[in-house]
Amino acid sequence: MAGAAFLVALYVYFFTSNRLNMVAPALNTLIGAAAWVLLRLGHVRHAVHLAVFGVLGTATVASISMGSVHVTGVVLFLGAVAGAGIFASWRAMLGSVFGAIALITALTLAEWNGWLMERSLRAVPAAFVTNVGTLVVVAVMVYYSRRRSEQTMARLSAELEVRRETERERDRSKDRLARFFRNSPSPMLAQSARTGTILDVNLAFSRC
């Protein structure tokens, strides 16, 4: 994440005239680097939360620097919601969804009132409905996909536990049979069913 954002920041710096557009990629670079450090230190949950909510902040900055709630900012909002749904807890996912909707609402009102560089009275309501609707659809899709994955993992875990219990019971049965064979006072031997070769004898058989 940090490397990709750094390359984007370099591209924006050299190939665009508006230096404000560099703020969001630069901020993404810092967030990605900080998340990577947290991961290396073993703070996985904090790294995920920083990445998700940091991207929400970056999306807000990108929309302000672009002067409109379009394309770049919306993609980042979607990325934050999808990332929260995949990697974070349910509460973090809901927080990212409601946070993204609140930020889009605030930015849309700012654009509507002409506080951003661009203003399109006809496009703003349609864009707002589209953006919020897309966020909700993505959140529902990620929720459904994660729920199915968790159900599958739970089923596989249960099947694995049943198999382990079966293997443990088999080992206990083999151990009981082996002890009975060795300690039986009656002479006993084990033969191959196909060749008749004697495979093992117990102590009583040896004495006989």
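Some observations on this one:
- Ranking GLY79, THR105, TYR144 by Cα position along the charge dipole of region 67-208, where only Lys, Arg, Asp and Glu carry charges on their C-beta atoms, puts TYR144 farthest toward the positive end.
- Length available on full extension from THR197 to TRP90: 0.36 nm per residue minus the Cα-Cα distance, which gives 32.2 nm.
- Over region 129-191, the ratio between the Cα radius of gyration and 2.2 N^0.38 Å evaluates to 2.48.
- Here r is the Cβ-Cβ distance between TYR144 and ASP171 and R0 is 41 Å; the resulting FRET efficiency, rounded to 0.05, is 0.50.
- Computed 3J(HN,Hα) for region 52-57, one whole-Hz value per residue from the Karplus formula 6.51 cos²θ - 1.76 cosθ + 1.60 where θ = phi - 60°, is 5, 6, x, 5, 4, x, glycine and proline marked x.
- Sequence-ordered 3J(HN,Hα) estimates for region 81-90 from the Karplus curve with 6.51, -1.76 and 1.60 and θ = phi - 60° stand at 5, 5, x, 5, x, 7, 10, 9, 6, 4 Hz, glycine and proline given as x.
- 5 angstrom amide H check on GLY67, placed H, neighbours 5+ away: MET117
Each value in this text was obtained by applying a stated rule to the coordinates, not by laboratory testing. A quick note: this is a predicted structure, and the numbers were derived from the prediction, not measured. Heads up, the Cβs are rebuilt from the backbone with ideal geometry, glycines too, and the neighbour counts pull from every protein chain shown.
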